[in-house]
Structures are given as structure tokens and as C-alpha cells.
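Here's the structure, in C-alpha cells; my notes come after.
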Amino acid sequence: MNPAISVIVPVYNVEAYVRKSLQSIADQTFTDWECIVVDDGSTDGSGAICDEFAARDPRFKVIHQQNQGLPGARNTGLAVAQGRYIGFIDSDDYIHPDMYQVLLTAIEQTDSDIAMVQTRKVSSLDQPFLPNPPIEYRIMNREQLFYHWFVEPFVTKSIVFVWNKLYKRGLIGSERFEDITPCEDYEFNILMILRCKRTVIANQVMHHWVMRKSSICHHAGVASHQYKAMLVIEYCGIHCLEMTEKERGYYKIDLMKRFLKARRASKDNWELNIKVKKERNSIKEGFFTNSAIQLKYKVVLGIMFYCPWIYDAFIEWNEFKARCHKSFETIAS
């Protein structure tokens, strides 16, 4: 009998974190799962720790391979996964003991294609999960999900990631992660949302996202990272033909936000700033004519394009106020 859930864990040089991550899977109250651990060419002791778990629990299956990057490691896991449902966990994060029980119950009770729980950013491996409120589900169709992903996020942007979710195996089918970084989750989830009829979101915080200093996400404010993220999200526009007019508008709003972040982050890097500005036409195409895009976003982008000095002065003023507020808080404390 195939397991109900396949959990795919890519591992690369996370010796200090992977034991906690795998143990949190081993401790799940729901027990009908397999965990496919893909050691993606680790050069530290990560691979040996993975083998320890496989030696004492046959539900852990370890694959050692040459380094192929995060998308390649996940694809290796997908190629051998046997579960009716698929989950992903990053090897430096850890999960609540009830996470997969909550996800499975949510996806089956609501006949959804994707189930999602909440995530919390933490700074270390020893932060306990806080008590959760009584469980509630919020069910969304794909247009609603696009809106809450791109325009008004109510789950701290965790819609974009794969590690707090459970997917029906049939929804994924033969699709795989593209070799694009950062934001490979972004493109994959656009595909999944375009295919799904219903997504259920539980209000339970069941995933701890460890913000380690060496991770890419920890340096999300670095100009080059913001620029690369913008390019990946711009590339995702290849799926625009599959989107409705509203969905396309919501996607364009997020692309605009990414462009503005990249532009601001690269203001002191002349060469990178020129590269960012070259993407202006792609951002602008179809933006002002899309009826789903609210006027406030059109005004912001219009000012930035045609009166950039006004836009920059406004942003600098807001940043100055934020710094002053932080200084006053420091003095008061």
C-alpha cells in the first residue's frame, strides 16, 4: 500500500539544522507518510544525519546525488514519491507535530486541491509553537487566491511557498520545479493555482520558518536578490495567457511591487539600477488598461514613470519618518 503523504526534503549543508527538521517529521501524530530526503551533494555531515534517520525508521528514504540545486533536489523527490498527497519541507525549518494531520483533514473534508497552514518566522531552532486558536477553515477559488497572494496578503505571503502546504498528487502530475532562483516556489505555485478549483487555508500556525543568517531569504533586501526575484516573477508572465483579466491584473500588481523594491534597493548601484530600469516596459505593458488594477496602483506607477523625483522624495520622506520613529522607540525603552 502506498502512503497517504509523501514529504520531500531537499538537504544541502545544513548539518546544524537538519536533525531538528527531520525529527519534527518523525514526531508527526499522523503516521501514514514517507519522507524522501534528497541529499543534494552536501559536503558537511548532513548526509550522515539523514542516513541515521533512514536506518531507524523505514519511512525515511534517503537519496544521495550530486548537487543540482533546490529545484533539482525537489524534482528528484517528486520522481519517486508514492503518496496520494505531496508535501515539501525545507531542511532548516521544523513543523508542529499535528501539521500533516491538520492538512490532511482539511484537504479531505473540503475536497480541496491544496491545503495550507500558517507559518511563523523564528530566529532559532528552540522556539516552541504557541497555542493555536480553535481551528477554522477558509476556502478560496483560484481568483480569490490570486488576489490574496498578489494584492492583499493575509497570510504574510506564505501563499507563495510550498513548505506549508499539501497538494493532491494529481494536481502536480508531471509538472516539475524550473531551475530558477530565487522564487522557484513562485512559478510552481502559479501553475498549481491555475490548475486548482479549491484551496483550503487553516488558521493554525504549524510551520516555523528559521531565518538563518546564511539563507538566501535572510538577505532578501540585497539589491542583486531583489533584481533576480523581479526577473523570475517577470518570467512567470508566460502564464498570463492562462489567467483571467482579473488574475492578470493581480499578478501585474505584484510585479510592480517587485520592480519598485528592486529599483529602490539598487539606487546606490548604478550598473544594477540601469538593468532594473530596462524592465520598465515589461512592467508597464497592459498595466494601465487592466480594469482589475485599482487606481491607486496606477497612480503610483504613473508617478514613478513620469515624475520619478516626486516618487523618490515621497519614499525618502517615509523612510526618514520610520527611522525617527524607531529612534524614539529606542530612547523610550
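Read the figures in this text as sums done on the coordinates, not as results from a lab. Keep in mind that what you see is a predicted model, and the values were worked out from it rather than measured. Here the Cβ is made from the backbone with ideal geometry for all residues, glycine too, and neighbour counts use every protein chain on show.
Tell me the label-point distance for the pair ASN318, THR29, using the 7 Å Cα-to-Cβ offset, in nm and rounded to one decimal.
Here the modelled spin labels are 4.2 nm apart.
Give the percent of DSSP beta bridges with both residues in the chain that are antiparallel, rounded to the nearest 5.
Close to 30 percent.
Applying a 10 Å radius around every beta-carbon, put 271-277, 201-207, 34-40 in order of their mean neighbour count, most first.
So the order, starting with the most tightly packed, is 34-40, 201-207, 271-277.
Rounded, prolate or oblate for the range 5-210? Axes are the square roots of the Cα gyration tensor eigenvalues, ordered a ≥ b ≥ c, and the cut-off for rounded is a/c under 1.5.
prolate
Among VAL18, ASN203, CYS236, whose Cα sits farthest toward the positive end of the charge dipole of the chain (+1 at Cβ of Lys/Arg, -1 at Cβ of Asp/Glu, about the Cα centre)?
Positive-end residue among those listed: CYS236.
To the nearest Å, what is the center-to-center distance of the range 226-267 and the range 127-151, using C-alpha atoms only?
If you average the Cα positions of each part, the centres end up 22 Å apart.
Give me the percent relative contact order of the chain, please, defined on Cα pairs under 8 angstrom at least 6 residues apart.
16
Mind putting a number on the dipole of the range 5-210 about its Cα centre? Charges go on the C-beta only, +1 for Lys and Arg and -1 for Asp and Glu, and I need it in Debye to the nearest 20.
560
Can you list the aspartates and glutamates whose alpha carbon is less than 17 Å from that of LYS168, not counting same-chain residues fewer than 8 positions off?
Cross-link targets: ASP32, GLU34, GLU108, ASP111, ASP113, ASP185.
Kindly identify the range 70-135 as rounded, prolate or oblate by the Cα gyration tensor criterion: order the square roots of the eigenvalues as a ≥ b ≥ c, call it rounded if a/c is under 1.5, otherwise compare a/b with b/c, prolate if a/b is larger, else oblate.
oblate
Calculated FRET efficiency, MET1 and GLU178, Cβ-Cβ r, R0 45 Å, to nearest 0.05?
With R0 = 45 Å, the Cβ-Cβ based efficiency is 0.85.
Rounded if a/c is under 1.5, else prolate if a/b beats b/c, else oblate: with a ≥ b ≥ c from the C-alpha gyration tensor eigenvalues square-rooted, which is the range 220-332?
prolate
Modelling each spin label as a point 7 Å along the Cα-to-Cβ direction, I'd like the GLU271/TYR235 distance in nm, to one decimal.
So the label points at GLU271 and TYR235 sit 2.1 nm apart.
What aspartates and glutamates sit close enough to LYS252 to cross-link, taking a C-alpha to C-alpha distance under 17 Å and skipping anything fewer than 8 places away on the same chain?
GLU143, GLU152, GLU187, GLU234, GLU242, GLU279, GLU285
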